[in-house]
Amino acid sequence: MVKRCTLKDIANATGLTVNSVSHALRDMGDISAETKLRVAEAAKRLGYVPNLAASQIRSGKSLTVAIVFDNLFNPYYNIMTHYLMISLSDKGYDFLTLVDASGNLSQTTLDKLISRNVDGVLSFLEPADGLKLGKLPMTVIGRHCDFPQIDYVYTDDETGGYLAAQYLAEKGCKHLCYIADNLNVSCSVDRRNGVLRFAAERGAEYGEVFMEG
């Protein structure tokens, strides 16, 4: 097994102290530009890779944000996660994705994320009742959230449902049907309400089908 290069190895190769090597690699002001260059060249030659775990312990930050959803089939999650990953990477953050099949962000899932020392959570799921968040920052995406300490960002799904029904009516459809998995999430309820509102205003025939139950 190949031995991992350490700060001590770089110190031995350059004749510097481990502390000086550490400061040089972190571009601290107490080290000269010449010494920083010498350390950087030695680190490259020896194949040094920073120990992120140790850095996280020192700083108390992981520079990692968790993205949580409940399945891998919803194209909305895939598209949004793609752009979230780009935005996080641009700001110097790593990310991890986690699936919570319960349909809500459960305490079990949250505890896993806390144990991994993530710096924040972006959740496509509404938090389960009684969730103990602690001081972990969280934003819910695409859903309502009744937790006062949690921010949430969502689209106007009721207007979206209304406009979708209006579009179909303008194309000549006379029988509207709302199809969804269930009404267990706020976005599904809002879309249904929008379609219902349009059907009531126009006197259109309306039906609904739920894939679960």
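The values are calculated or read from the model by the stated rules, or taken from the named source; none is laboratory data. As the structure is a computational prediction, the values presented were derived from the model and not from experiment. Cβ coordinates were reconstructed from backbone atoms using ideal geometry, including for glycine residues, and neighbour counts include every protein chain displayed. Surface areas here come from the heavy atoms of the whole protein model, side chains and all, with no ligands, DNA or RNA. Shrake-Rupley method; radii C 1.70, N 1.55, O 1.52, S 1.80 Å.
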Cα-based Lys pair tally, the chain, threshold under 23 Å, eight or more apart or on separate chains: 11
Where labels lie 7 Å past Cα in the beta-carbon direction, separation of residue 12 and residue 35 in nm: 2.1 nm
The chain: radius of gyration over Cα atoms, expressed as a fraction of 2.2 N^0.38 Å: 1.52
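Could you order the peptides 25-38, 135-148 from most to least packed, using the average number of other C-beta atoms within 10 Å per residue?
On the way: 25-38: 12.4, 135-148: 15.9.
Averaged packing, sorted descending, gives the order 135-148, 25-38.
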Most mobile of 150, 79, 114 in a GNM of the chain (Cα contacts under 10 Å): 79
Estimated inter-spin distance, residue 144 and residue 27, nm [label 7 Å along Cα→Cβ]: 4.7 nm
Spin-label model distance (nm) - residue 197 vs residue 117, 7 Å beyond Cα toward Cβ: 4.8 nm
For the chain: relative contact order, % (alpha-carbon pairs under 8 angstrom, 6 or more apart): 13 percent
Dimensions (Å) - the range 61-154, Cα atoms, principal axes, largest first: 34, 31, 21
Accessible area, probe 1.4 Å, largest first, for residues 167, 76, 178: 167, 76, 178
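Quote the charge dipole size of the chain about the Cα centre in Debye, to the nearest 20; the model charges only the Cβ of Lys and Arg (+1) and of Asp and Glu (-1).
Details: 22 positive and 25 negative charges, 246 e Å.
So the dipole magnitude of the chain works out to roughly 1180 debye.
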Sites residue 209 and residue 99, calculated FRET efficiency, Cβ-Cβ separation with R0 22 Å, nearest 0.05: 0.25
Karplus (6.51, -1.76, 1.60) ³J(HN,Hα), θ = phi - 60°, over the range 109-125, in Hz, Gly and Pro reported as x: 5, 4, 5, 4, 5, 5, 5, 8, 6, 5, 8, x, 10, 10, 10, 8, 10
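Set the Förster radius R0 to 22 Å, insert the Cβ-Cβ distance between residue 159 and residue 73 as r into 1/(1 + (r/R0)^6), and round the FRET efficiency to 0.05.
Working: r = 26 Å, r/R0 = 1.17.
Using R0 = 22 Å, I get an efficiency of 0.30.
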Filtered GluC sites (Glu not before Pro), the range 129-213: DSSP coil and at most 13 other beta carbons within 10 Å: 212
